[in-house]
Amino acid sequence: MNSKINENSQEKKTIFIIEDHQASLDNLCDLLALLGPVKGFTSAQSFLNFYTGEEKGLLICDIRLPGMGGILLYKTLLKQKKFLPTIGYLLPS
């Protein structure tokens, strides 16, 4: 898990990023850390293992992930009643 925190971000909501390519994840975390706290994960399962549903924020997720993809992750979160605004994206292959 990557964690980046802006010095004025204590009151801000967390941006959760799921991206299986480590270099892309690092770049996204570095960029979005300018806005507030960021937590990065390399798989949907590692995010599910971490996320309790209590921390508020925004999920930015690669749609094409190994194992559980972004769409299935979103459906799983809904079934678990863990509502989190979500943005899905695809990187060119």
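What follows draws every value from the coordinates through simple rules; no lab data is involved. In this text, all values refer to a predicted model and were calculated from it rather than measured experimentally. Cβ atoms come from the backbone with ideal geometry, glycine included; neighbour counts cover every protein chain shown.
Figures for the structure shown
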{"quantity": "Principal axis dimensions, the range 40-93 - Cα atoms, whole angstrom, descending", "calculated": "34, 20, 18"}
{"quantity": "Neighbourhood net charge (13 Å Cβ-Cβ; Lys/Arg +1, Asp/Glu -1) for residue 42", "calculated": "-3"}
{"quantity": "Percentage relative contact order, the chain, counting C-alpha pairs under 8 Å, at least six apart", "calculated": "29 percent"}
{"quantity": "Lys/Arg +1, Asp/Glu -1 at C-beta; the range 4-93 dipole; positive extreme among 83, 28, 18", "calculated": "83"}
{"quantity": "Calculated on alpha-carbon atoms, Rg and Dmax of the chain in Å", "calculated": "12.4, 37"}
{"quantity": "Bridge type composition, the chain - antiparallel percent by DSSP, nearest 5", "calculated": "20 percent"}
